[in-house]
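What follows is calculated from the coordinates using simple rules that are stated; it is not laboratory data. Quick caveat: nothing in here was measured; it's all calculated off a predicted structure. Don't worry about glycine lacking a Cβ; one is built from the backbone with ideal geometry, like all the others, and counts go over all protein chains shown.
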Amino acid sequence: MKGTRHEEFRSYVAERRAVLLRAATQLTSDRVEAEDLLQAALAKTYLAWDRIQDRAAVDGYVRRAMVNTQISWWRRRRLDVYPTDQLPDRPAVDDHTRRTDMRDALGRALRRLPERQRLTVMLRYYEDMSEREIADLLGVSVGTVKSTVSRAMTKLREDDGLH
């Protein structure tokens, strides 16, 4: 095993793990299963590391591996819930409808933000970029990034659609 290959992959994982874990959590809706899914996808990516010529495409490769792995796991699972004539007395513990409604409300609230605020929030919290990275990308100062994110978060906290 080449040391440079190993170190390059290790550096990639250290830098992108949080973002990829969020994507895995979106696929599984469970933190533990998301970690397993990400681990499996990273193992596949490591085996294919030398074949991935465009390093900018690695995130896409890992995400595709996560989707394919999740589909494969889903197909292998046996039916855990069996149809019955009796309905349960109480709703399921994990309310997917409420979670979906909240996700939709958050999307609408983000769209109500001015473009610059929406962009900084997305880069900071969805792409997990540092304030310095965002400042460099947008060509502004770190202070501008901090104040823009702060104003955006205040607007989101006050948004009636999220309460």
request  = Taking the Cα centre of the chain as origin, sum charge times position over the Cβ atoms of Lys and Arg (+1) and Asp and Glu (-1), and report the length of that vector in debye to the nearest 20.
outcome  = 340
remark   = D (µm²/s, integer) via Stokes-Einstein for the chain, Kirkwood Rh across alpha-carbon pairs, 20 °C, 1.002 mPa s: value 113
key: Percentage relative contact order, the chain, counting C-alpha pairs under 8 Å, at least six apart   = 18
key: Radius, Kirkwood style, for the range 1-58 when every pair of distinct Cα atoms is counted (Å)   = 12.0
query = Quick one: what Rg and Dmax do you get for the range 107-153 from the alpha carbons, in Å?
reply = 9.8, 28
key: Rough spin-label spacing in nm, given labels placed 7 Å along Cα→Cβ, for T25 and E133   = 1.6
note = Summing -39500 (n - 2.57) over every DSSP H run of at least 4 in the chain, dividing by its residue total and rounding to the nearest 500, the 222 nm mean residue ellipticity is -22500 deg cm²/dmol
ask   = Net charge near D160, counting Lys/Arg +1 and Asp/Glu -1 over other residues with Cβ under 12 Å of its Cβ?
value = +2
query = Working out 0.36 nm times the residue gap between E35 and H96, then minus their Cα-Cα distance, what length gain in nm do you get to one decimal?
reply = 19.9 nm
